[in-house]
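The values are calculated or read from the model by the stated rules, or taken from the named source; none is laboratory data. Just so it is clear, the structure is predicted and the values come from calculations on it, not from any experiment. Virtual Cβ from ideal backbone geometry, glycine too; neighbours counted across all protein chains shown.
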């Protein structure tokens, strides 16, 4: 079987997601050919790719970034937003500009605000295993397993606040603790078997929402998030 | 004079452009222009709770996450007048050293393309990935995640791994050290190196160094008032420099090199001042970091506290200095009413190193000059998120 051609592009990311991708690569080598700036010598090798992995958020004040994103959309059959900045905005939702030497860089958006995205994998950063299983299901054409990533690609924000609103306050929470375990900043603590949000720690990465068995069921079955 | 422009320098952390001016194949001058958008973390944390500030600055960089977390925590602790207990301090040192080894491993992977012959590159890559996976697991167990460790916080450790985790990590330590040795052996093997490595070995370039400590960092070894920063386009007047989104820094108004070579020369008997020495110093730095990590695991006393009690945020000013993988990292913070962040300033090692990198490229061949940029391990995500000092 021919290897999938995968391009990785980073925009204003912190490199954490890139490290996750490169860590996932040894186990994926047999099935995909990854074109990542960490390993190559020049510009991207091919004109067309099967999958483009995008990390980092789009700086709306930098026209170059928006143009490049549109080019990638044309080059790649499938676009995957990898990590919270690319898929939901994450920490970049807090950016407010005003900083030298470029005070005009004020507004960062998730990738799906600029181009259509096929799958989103939130996490800060998502683990290498997430990417490995994504490709496993993707190559097997297992759409039901990819449904959560597909639905998330249509969302522009998710955070601990949404988890509390949609799952805890509606009485759907079963107290499993998946949110507490998955939170990358320790912003969720279980008190009396129900999650409590430590607001000042939440960075809006959406990991808890995706990991919550109830919340993920909600968005997958109901289609759209209210 | 010829001009060589690389629009996107490969195998570095982040987006940057490199312009080399050469004559007969010898580089006369270099411009290193970072082009990543500015996310503005120093503005982002203003008005926020210090706990958010620590979580946020860790996300400046996915390669030196723990370093930013440590420096920011140190600065805030300095401002409110507390210090972590013995265990907390040791654990913090351990997280920082794991981070150092992680970051160096990734750099070795990126410079392998320059220094190591093509047929041997994959060997090196697999050995380094194996080591990286093992060391990342240590950060996962001790810090709570393999990137951006959430256990690192103001006053010490947010949650403490069970004693069985420590025992498990101690038992696996030999395996970790062996994995590093296997990679190290290939990295220093001169038989499999390229001509670029030979050229760098010949280029002796002693410079002024800046280091504040060996394993940790010390705010009393740095004078905050002597650090000055200017936007890159004011430092280099060339038209092309306008695109740059970075600042560059000087210590006492002078260009200083910071990083593993500065640390090794200041605090250890390391005297190789060639550009290849930078690579050797980084290898040595990694080896010692792993060794020290082993010691720390033995020194933790489970019955003692890991976090300072009675943490109250209040107005104050503080400086945190930490020896990040790439050199001296400085965080300055001012807390205002209710202990919220009033002002934040961050000076990262790459800001000191960019002028040095450009200096070092002079007199080398074009290929070697490009390799030197990589050898200094410029971290663009860090560099483009810092503000001008007034």
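Looking only at strands (runs of 3 or more DSSP E) that fall completely inside the stretch A:116-214, which ones have 3 or more residues that are assigned by TED's automatic domain parsing to the domain that holds residue A:23? Working first, answer last.
Details: elements: A:119-121, A:188-191, A:194-197.
Ranges flagged: A:119-121.
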Condition broken by residue B:126, with the remaining ones in (1) surrounded by fewer than 22 Cβ atoms within 10 Å (Cβ to Cβ); (2) touching a helix residue (DSSP H, G or I) at 6+ places or on another chain (Cβ under 6 Å); (3) at the interface with chain A (Cβ under 10 Å from one of its Cβ atoms) satisfied: (2)
Unmet requirement for residue B:8, which otherwise passes all of (1) over 17 Å from residue B:320 (Cβ atoms); (2) in contact (Cβ under 8 Å) with a residue 40 or more places away in the chain; (3) part of a loop (DSSP other than H, G, I, E, B): (2)
Check every one of the helices (runs of 4 or more DSSP H) wholly within the stretch B:310-384 and list those with 2 or more residues that are farther than 23 Å from residue B:285 by Cβ. B:366-375
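Quick one: which strands (runs of 3 or more DSSP E) lie wholly within the stretch A:1-89 and hold at least 2 residues that are modelled with pLDDT of 90 or more and within 26 Å of residue B:55 (Cα to Cα)?
On the way: elements: A:4-10, A:32-35, A:49-55, A:76-82.
In the stretch A:1-89, the matching strands (runs of 3 or more DSSP E) lie at A:4-10, A:49-55, A:76-82.
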Is it the case that residue B:389 is at pLDDT below 95 and within 20 Å of residue B:43 (Cβ to Cβ)? yes
Count of residues meeting criterion [more than 12 Å from every other protein chain (Cβ to nearest Cβ) and buried (at least 24 other Cβ atoms within 10 Å of the Cβ)] in the stretch A:86-126: 9
Testing residue A:108 on (1) farther than 17 Å from residue A:203 by Cβ; (2) outside the structural domain of residue A:209 (by TED's automatic domain parsing), one condition comes back false. Which one is that? (1)
Please specify each residue of the stretch B:32-59 satisfying the condition of being more than 7 Å from every other protein chain (Cβ to nearest Cβ) and within 30 Å of residue B:370 (Cβ to Cβ). B:32, B:33, B:34, B:35, B:41
Count - residues of the stretch A:1-18 that are within 8 Å of chain B (Cβ to nearest Cβ) and farther than 15 Å from residue B:10 by Cα: 5
Among the residues of the stretch A:152-166, are any over 24 Å from residue A:6 (Cα atoms), without any contact (Cβ under 8 Å) to a residue 40 or more places away in the chain and in contact with a strand residue (DSSP E or B) (Cβ under 6 Å, 6 or more places away or on another chain)? yes
For the stretch B:194-232, give me each residue that is out of contact with any helix residue (DSSP H, G or I) (no Cβ under 8 Å at 6 or more places or on another chain), more than 29 Å from residue B:26 (Cα to Cα) and part of a loop (DSSP other than H, G, I, E, B). B:218, B:222, B:223
Quick one: is residue B:351 away from every other protein chain (no Cβ under 14 Å) and either crowded, with 18+ Cβ neighbours inside 10 Å or within 13 Å of the chain's Cα centre (by Cα) (or both)? no
Determine whether the stretch B:77-92 contains at least one residue that is touching a residue at least 40 places away in the same chain (Cβ under 8 Å), in a helix (DSSP H, G or I) and within 14 Å of chain A (Cβ to nearest Cβ). no
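Yes/no matrix, rows are residues, columns are (1) touching a strand residue (DSSP E or B) at 6+ places or on another chain (Cβ under 6 Å); (2) crowded, with 22+ Cβ neighbours inside 10 Å:
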residue: B:67; (1), (2): yes, yes
residue: B:74; (1), (2): yes, yes
residue: B:87; (1), (2): no, no
residue: B:104; (1), (2): no, yes
residue: B:120; (1), (2): no, no
Neighbours by Cβ (under 7 Å, 6+ apart or cross-chain): first from the stretch B:139-168, within 13 Å of chain A (Cβ to nearest Cβ) and closer than 23 Å to residue A:84 by Cβ; second in a strand (DSSP E or B) and at pLDDT below 95: B:143/B:152; B:151/B:157
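Restricting attention to the stretch A:74-90, report how many residues are more than 12 Å from the chain's Cα centre (by Cα) and in contact (Cβ under 8 Å) with a residue 40 or more places away in the chain. Please lay out each step first, then the result.
Within the stretch A:74-90, the subset more than 12 Å from the chain's Cα centre (by Cα) is A:74-78.
Keeping just the survivors that are in contact (Cβ under 8 Å) with a residue 40 or more places away in the chain gives A:75-76, A:78.
Summing the residues that are more than 12 Å from the chain's Cα centre (by Cα) and in contact (Cβ under 8 Å) with a residue 40 or more places away in the chain in the stretch A:74-90 gives 3.
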Considering the stretch B:132-166 alone, what residues qualify as being farther than 24 Å from residue B:108 by Cα, outside any loop (DSSP other than H, G, I, E, B) and out of contact with any helix residue (DSSP H, G or I) (no Cβ under 9 Å at 6 or more places or on another chain)? B:163, B:164
